[in-house]
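Here you go, one structure.
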Amino acid sequence: MKRSKTYIWRLGLMVLISMTGLTGCSDDSEEGRGQRVTIEAQSCAVGYAEETGTRGSGATRSDPQSPTWAPGYYLYDGLNSQFAGRKDLMNKSIGVFFAQSGSDSPEEGTFFYSEYDSRWHMSNTEISSDDYFLYGFIPTEDADHATISSTDYSNGAVLTIHDLDAVTPSDVCVIIGAKDGTADNTVTGLQPGLFATHLNPTGTNASSNFIFLLFDHLYSALRFNFLVDSEYAKLRTIKLRQLELVAYSDDSGGAVKAKYNVTISLQKTTDGSSPITGVTFTPDLSSGNVAPVSLYDWENEPARYLTLSDTEPTSFMGSFVPGNLVYFKLRSTYDVFDRQGNLIRERCQAENTFDLRTKFGSYTSATRGHSYSYTITVQPTYIYVLSEPDLDNPTMVISN
């Protein structure tokens, strides 16, 4: 699946996804097969399992046996509204293969959001009315391309996504279930492991076709919750400019390859269990070493600054290839203001080191679909002294 063009898109928290194809001329084939159809869709993803930090007893993840339908793709698991509307988390599109058993060439589609009519549209292709099995992933633009293979798509497929970033601000997910419905808020039989959909000729059984998609996370996630020390907040305001995350293979700074190829084996299930039978991450040895990845950059935000609070955590998340990537550094760049709004110090920097083995168990590797959380508190080194260097250039301390 080739990288799609850049459009003006929005993908935020609990967003209703509507995807519309182009309607147009139809052929005279039986029951309208081959007619171009209109497609609208909704989607949701299972949440991350939150690791507890207790040695050897991480969270247990369970996929829903019969998921309660809730529209929207849950960017970063839908738990924190601070992710909604963040400009650096927009511009995510969905890549889909419309596959048919016995066909060697599934049709490819890319769905992108148009702010003009608040709907998701299909680019690159026009899909005909027919029966399909839907496989795919999000976000399309994070990969160079994707391929799919199967001799019988009704029983599953092998999806390979090429050149994904080892560390990314995106929530990389794969479709684990698809089903057509009769309206934009109803669906019958949607569950993990079923991928069959039927597209009606537009204007016959429905004014448009409705497709419901279930996603599952391919990566692990790091969640950073920033707070300002309450006593310090009485004197100073911290406004964030940038967050950068970098991964290392070990605590001595061993290099990690920047790109990975991911192969996902999917099989049909009928009991609501996950259809994912295996996920393999293979480093692209021809790629360079991973560079610092921006999780937040004020230059890309309409409000420019993001003010940190002493009462409500400001949350950020980055995703990374699960397995042996357990050592990270987070660089924070921020400005310090007094309570009257005067700029005191500009472009202060703090760097925090995270070794997942220390907090989550020495023998534990990062698990796909799990989130690893840290709270970082901004405070002076000596809160009771509040000497000028500490007051104007506070440290960021990992709190838990």
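Per residue of segment 208-213, what does 6.51 cos²θ - 1.76 cosθ + 1.60 with θ = phi - 60° give for ³J(HN,Hα)? Whole Hz please, x for Gly and Pro, Karplus curve as stated.
These are the phi-based 3J(HN,Hα) values: 7, 9, 10, 10, 10, 10 Hz.
Here is a follow-up. To two decimal places, what compactness ratio does segment 221-312 give when its Cα radius of gyration is scaled by 2.2 N^0.38 Å? Don't skip to the end; give the middle numbers.
Numbers: Rg = 20.1 Å, N = 92, 2.2 N^0.38 = 12.3 Å.
That works out to 1.64 for segment 221-312.
Give me a comma-separated list of calculated 3J(HN,Hα) values for segment 321-329, in order, Karplus coefficients 6.51, -1.76, 1.60 applied at θ = phi - 60°, integers in Hz, x for any Gly or Pro.
Whole-Hz 3J(HN,Hα) from phi for segment 321-329: 4, x, x, 8, 7, 10, 10, 9, 10.
For segment 242-257, take each phi angle, set θ = phi - 60°, evaluate the Karplus expression 6.51 cos²θ - 1.76 cosθ + 1.60, and give the result in whole Hz per residue in order, putting x for glycine and proline.
7, 10, 10, 10, 9, 10, 10, 7, 7, 6, 9, x, x, 6, 10, 5
Another question, then. Could you work out how far apart the two model spin labels at Leu343 and Thr151 are, taking each label as a point 7 Å from the Cα in the direction of the beta carbon, and quote it in nm?
Taking the two extended label points, one gets 6.6 nm.
Please compare each pair in Lys239/Lys259; Lys257/Lys329; Lys92/Lys257; Lys259/Lys329 to a cut-off of 22 Å on the Cα-Cα distance and tell me which ones are over it.
Lys239/Lys259; Lys92/Lys257
Give me the accessible area of Ile344, 1.4 Å probe, in Å² rounded to the nearest 10.
Accessible surface of Ile344 is approximately 60 Å².
To the nearest 0.05, what FRET efficiency results for Thr277 and Thr186 with a Förster distance of 35 Å applied to their C-beta separation?
Calculated transfer efficiency: 0.70.
For a Förster distance of 35 Å, can you work out the FRET efficiency between the beta-carbons of Ser123 and Glu312, rounded to the nearest 0.05?
Step by step, r from the Cβ atoms, then E = 0.35.
Skipping prolines and chain starts, which residues have an amide H placed within reach, meaning under 5 Å, of the one on Phe215, given they are 5 or more residues away or on another chain?
Cys44, Ala45, Val46, Ile176
Let's test the formula: R0 of 51 Å, r as the Cβ-Cβ distance of Thr263 and Asn393. What FRET efficiency results, to the nearest 0.05?
Approximately 0.60, to the nearest 0.05.
For labels at Ser294 and Ser252 in the simple 7 Å Cα→Cβ model, what's the distance in nm?
3.4 nm
What is the extension gain from Ala196 to Gln100, computed as 0.36 nm multiplied by their sequence separation minus the C-alpha to C-alpha distance, in nm to one decimal?
Between Ala196 and Gln100, full extension yields 33.6 nm more.
Multiply the residue gap between Ala350 and Val158 by 0.36 nm, knock off their C-alpha separation, and tell me the result in nm, one decimal place.
Separation in residues times 0.36 nm, less the Cα-Cα distance, equals 64.8 nm.
Once both labels are modelled 7 Å past Cα along the beta-carbon direction, what's the Lys239-Arg357 spacing in nm?
4.2 nm
The values are calculated or read from the model by the stated rules, or taken from the named source; none is laboratory data. Predicted, not measured: the structure shown is a model, and the values here were computed from it. Don't worry about glycine lacking a Cβ; one is built from the backbone with ideal geometry, like all the others, and counts go over all protein chains shown. Side chains included, ligands, DNA and RNA excluded: accessible areas come from the protein's heavy atoms. Shrake-Rupley method; radii C 1.70, N 1.55, O 1.52, S 1.80 Å.
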